[in-house]
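Let me begin by presenting the structure, written as structure tokens, before commenting on it.
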């Protein structure tokens, strides 16, 4: 099977509490723009790959059919919906890559979308926690914050209190989000505010404060994938030097929850496929659903030994001017985390950087980027290495 699938266009909606009435409207906000950005038409699309978690946020099911309702020109185009918890968008994208690389089609449209603010925050937390291993973890409150609060507590017990380092990660991502017009939050909070427990920044779960947690967001993003022959005729092409998926045991009790071993395997596989090291990357977009996740991911990707992820942020390695800038888009913490859209959004943010189209977020001279998106507490792990080839 060839590995010539390219990103040739994209579109990204504003994340936050959207006035869009439903998922169909969110899809319509990004899909036409992605095709226009690629310089392609609906008739050029051979397959549609939609990432939506849903799980009760909306009454509508069979979401794959909504794409043809949002864009009548795609009503007869084969379409499928994918779900893989917080990695739903990447699951849809990787299926599209396989579709193109296998020669089943020349052009694929990938859409990630979620409408989460249709329910109260407490109900949203109850819907999201179903992405954990319910027999053992369903009691955690509030939702996944409880799961990651437990992970943070366990990490702190083993390696010491890292609350200030988590605050530094939150402050970094909020500062970066100031430059992202699509971000849910565009406010520079500073380390002191993020580190202090207050009425405006209360404890949510375990040692995690509100500023350690990504928000409940609505939003959508889209990518157009084309084979190399088609991409060569278009204005831009971002290649996948590598893309890897690694799985881990779903139940936290079945593994060391502080290690993110599946994430480490995904990163190692992608770097080996690409024939690269971290030093070859100009930037990374990583999955900071909670700040403790980004800290442990530093270790998983190889920036630090286990238990030393806090050193990475203290030394400024992942700041904009550091060795490897992480989450220049603001990450999930600032950009927002509409579940089905997140994986697609992360790849859009990286592609924008490599194409020199990132506006105020732009890192000058960026040519190679890493993306890491995970579902659950590092249960399913997607690692991509992108490089501009046109």
What does the extension gain come out to for residue 235 and residue 139, with contour length at 0.36 nm per residue minus their alpha carbon separation? 29.5 nm
Between segment 275-297 and segment 86-120, how many Å separate their Cα centres? 21
For labels at residue 311 and residue 247 in the simple 7 Å Cα→Cβ model, what's the distance in nm? 3.5
Once R0 is set to 51 Å, what does the formula 1/(1 + (r/R0)^6) return for the Cβ-Cβ distance between residue 210 and residue 62, expressed as a FRET efficiency to the nearest 0.05? 0.90
Across 10 Å bins from 0, what is the distribution of all Cα-Cα pair distances for segment 283-389, in whole percents? 15, 51, 31, 3
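Restricting the count to DSSP beta bridges whose residues both fall in the chain, what percent are antiparallel, rounded to a multiple of 5? Don't skip to the end; give the middle numbers.
On the way: 37 of 51 bridges.
Antiparallel bridges: around 75 percent, rounded to the nearest 5.
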Per-q log10 I(q)/I(0), the chain, q = 0.14 Å⁻¹ (Debye; single scatterer per alpha-carbon; no solvent): -1.17
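How much length is gained if the chain between residue 25 and residue 268 is pulled fully straight, taking 0.36 nm per residue apart and subtracting their Cα-Cα distance, in nm to one decimal? Intermediate results must be reported in sequence, preceding the final value.
Numbers: separation 243, 0.36 × 243 = 87.48 nm, distance 3.86 nm.
The span from residue 25 to residue 268 would gain 83.6 nm if fully extended.
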Taking the Cα-to-Cβ direction at residue 256 and at residue 278 and moving 7 Å from each Cα, how far apart do the two end points lie in nm? 1.7
Of 65, 190, 321, which has the largest mean-square fluctuation in a 10 Å C-alpha GNM of the chain? 321
Sum -39500 (n - 2.57) across every DSSP H segment of at least 4 residues in the chain, then divide by the residue count to get the 222 nm mean residue ellipticity, nearest 500. -11000 deg cm²/dmol
Report the FRET efficiency, 1/(1 + (r/R0)^6), for residue 104 and residue 158, where r is their Cβ-Cβ distance and R0 is 35 Å, rounded to 0.05. 0.15
Nearest 10 degrees, 0 to 90: helix 23-38 Cα axis against the chain principal axis: 60
Most packed first (mean Cβ within 10 Å per residue), the peptides 239-246, 281-288, 80-87 order as 281-288, 80-87, 239-246
Fewest to most neighbouring Cβ within 10 Å: what's the order for 164, 305? 305, 164
At 0.692 mPa s and 37 °C, Stokes diffusion of segment 77-235 via Kirkwood alpha-carbon radius, µm² per second: 177
Given a Förster distance of 22 Å, the FRET efficiency implied by the Cβ-Cβ spacing of residue 390 and residue 320, rounded to the nearest 0.05, works out to 0.25
Taking the beta-carbon count within 10 Å as an exposure proxy, list 211, 117, 342 from fewest neighbours to most. 117, 211, 342
With just the Cα atoms defining each centre, how far is segment 31-52 from segment 324-351? Give it in Å. 20
Going by how many other Cβ atoms sit within 10 Å of their own, how do 4, 256, 279 line up, fewest first? 279, 256, 4
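Every number in this text was worked out from the coordinates using simple rules, so none of it is lab data. Small disclaimer: the values here were computed from a predicted structure and weren't measured. When we count neighbours, we look across all protein chains shown, and the Cβ atoms used for this are built from the backbone with ideal geometry, even at glycine.
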